[in-house]
1. Taking the Cα centre of region 71-207 as origin, sum charge times position over the Cβ atoms of Lys and Arg (+1) and Asp and Glu (-1), and report the length of that vector in debye to the nearest 20.
2. I want to check the label-to-label distance for Met135 and Lys312. Put each point 7 Å from Cα in the C-beta direction and report it in nm to one decimal.
3. Under 18 Å from a label point 7 Å along Cα→Cβ of Ile185: give me every residue in region 192-235 with its amide N that close.
4. Can you tell me which of 146-152, 228-234 comes out highest on packing, and rank the rest after it, using the mean Cβ neighbours within 10 Å?
5. Can you order the peptides 104-115, 287-298 by their average number of other Cβ atoms within 10 Å per residue, highest first?
6. Enumerate the calculated ³J(HN,Hα) couplings along region 60-67 in order (Karplus 6.51 cos²θ - 1.76 cosθ + 1.60, θ = phi - 60°), each rounded to whole Hz, writing x wherever the residue is Gly or Pro.
7. Taking a label point 7 Å from the Cα of Gln97 along the Cα→Cβ vector, which residues of region 36-80 have an amide N closer than 16 Å to it?
8. Using +1 at the C-beta of Lys and Arg and -1 at the C-beta of Asp and Glu, which of Val190, Ile221, His204 has the Cα lying farthest in the positive direction of the dipole of region 184-238?
Amino acid sequence: MTSYPVLDKKDTRSGFGAGLLEVGRNDDRIVALCADLTGSLKMDAFAKEFPERFFQVGIAEANMMGMAAGMTVGGLIPYTGTFANFSTGRVYDQIRQSIAYAGKNVKICASHAGLTLGEDGATHQILEDIGLMKMLPGMTVIVPCDYNQTKQATIAVADHEGPVYLRFGRPKWPVFIPADMPFEIGKAQVLSEGTDVSIFACGHLVWKALQAAGELEKQGINAEVVNVHTIKPLDREAVLTSARKTRCVVSCEEHQRNGGLGDSIAQLLARELPTPMEFVAVNDSFGESGTPDELLAKYGLDTPDIVAATLKVLKRK
């Protein structure tokens, strides 16, 4: 399998902050709005360099979405920033009506997603947001896997016309995607080619999938690892090409089993290429307080869980 050494350990939210600053320097149409979480979203550098283009709206997320929608009318490209829970569940009506239905060019940037938010507990660990956002017509949904890719995605969405949901996280995580690896919205990346099983993953679980592939290789199992950073639009050809080759599939995500990446892949396969499939995801449960590593292990999202799902699906080939 292809080896991806750890280049560093950085939180993906810092990738967002770095990307926002860079795209702000390149395009004066970029504006940023934050709901009282400037430090947590790593938007400090943008706010300092472009104070006239930064809007601190306070703890008023619904108002922030309405403001962002209005700003697009004048040709601005707004990036909104708050926790994933507040970026979706708290403001779903405003996103649906003012942004998605209206087709506004707003970039909804959501940090602290999933179980790896950690000690803040179940009320903040939203695990339904991918499903909420991908069901909105016209909404693009992106879940990058490390610091470098989050920075790339933050820059790329500025050139994408239409609403985007960009999801990233809080903990320091291995940086393994080369900074110069091409990133294209809607195009999955085959990180490691294989012939026995396709492991499709997004976000933090891409790294776990690569680790699982290494463990499986010791057992003589050749796993193909695909980074599906764009949940919607799903890279149909990448999924079908890999599934045709391996004839069994595992999906991995830091999200509910219902409504996420695995759900999208299963729908595609059911329509076009019925294939044995297993899901590594949270199974109809809220989270709890704990460290990211403890929670990933408890809720079945760790490397051994991906290995176990792979061994199970291979028996169904």
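FYI, it's all coordinate maths here, none of it is from the lab. Quantities reported herein were computed from a predicted structural model and do not represent experimental measurements. Here the Cβ is made from the backbone with ideal geometry for all residues, glycine too, and neighbour counts use every protein chain on show.
1. Dipole of region 71-207, to the nearest 20 debye: 360 debye.
2. Going by the 7 Å Cα→Cβ label model, 2.5 nm.
3. Of the residues in region 192-235, 203, 228-235 have backbone N under 18 Å from the label point off Ile185.
4. 146-152, 228-234
5. 104-115, 287-298
6. Ordered by residue, 3J(HN,Hα) equals 8, 4, 4, 4, 4, 5, x, 4 Hz.
7. 61-70
8. His204
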